[in-house]
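Peer 1: Mind having a look at this structure? Questions to follow.
Every read-out reported here was derived from the displayed coordinates using simple, explicitly stated rules and does not represent laboratory data. The model shown is predicted, which means the values in this text are computed figures rather than measured ones. Every residue, glycine among them, receives a Cβ derived from its backbone with ideal geometry; neighbour counts consider all protein chains shown.
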Amino acid sequence: MELKQDQPKTLSAEAIQLQGSLRTRLKGFWWMLKADKFAMVGLFYLLAWCFIALFADYIAPHDPTFQTLGKRLTPGFWSARGSMTFFLGTDHLGRDVLSRLLFGSRVSIIVGLSTVALAGTLGTLLGLISG
């Protein structure tokens, strides 16, 4: 946006006040969020889930698509037949369940964000059309 000759080059007092009030509202929102223990647990869970999805390549112990047919349906570590090699066991094709869960979180986040974006876009369009 270009400044015209008659426009001031500094922020007006109203703009500074609006910016300050927005900052104040965000601080108030953060303090309310911090006061609610359940909200903080949910925020921690959400951030941990996003961290796991981003770094699944480094966290996952095995390739999620690699099949080991000799290790089919191996139970998790808690079972007498289980081992720590496959922490949550393997599926019917011998793929590591933990690795598949970690990589599957990426798909879940993408689906969730896509759904919110689509619903927000459609809702905004319908709201604009209806007036």
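Peer 1: Ordered by residue, what ³J(HN,Hα) values in Hz, to whole numbers, does the range 50-59 give under the Karplus form 6.51 cos²θ - 1.76 cosθ + 1.60, where θ = phi - 60° and Gly and Pro are x?
Peer 2: Computed from phi, the couplings for the range 50-59 are 5, 4, 5, 5, 5, 10, 4, 4, 8, 8 Hz.
Peer 1: Another question, then. Stretched out fully, how many nm does the piece from LEU125 to TYR45 gain, at 0.36 nm a residue minus the Cα gap?
Peer 2: Full extension from LEU125 to TYR45 adds 25.6 nm.
Peer 1: Can you give the net charge of the other residues whose Cβ lies under 15 Å from the Cβ of ASP63, counting K and R as +1 and D and E as -1?
Peer 2: Here the count lands on +1.
Peer 1: Going by Cα centres, the range 86-131 and the range 28-42 are how many Å apart?
Peer 2: Spelled out, the Cα-based centre of one part sits 25 Å from the other.
Peer 1: Here's another thing I want to ask about it. Note the full-extension length gain between PHE55 and TRP78 as 0.36 nm times their separation in residues minus their Cα-Cα distance, in nm to one decimal.
Peer 2: Fully extending the segment from PHE55 to TRP78 adds 5.7 nm.
Peer 1: When you have a sec, figure out the Kirkwood radius of the range 58-131 from all distinct Cα pair distances and drop it here in Å to one decimal?
Peer 2: Evaluated on the range 58-131, it is 14.6 Å.
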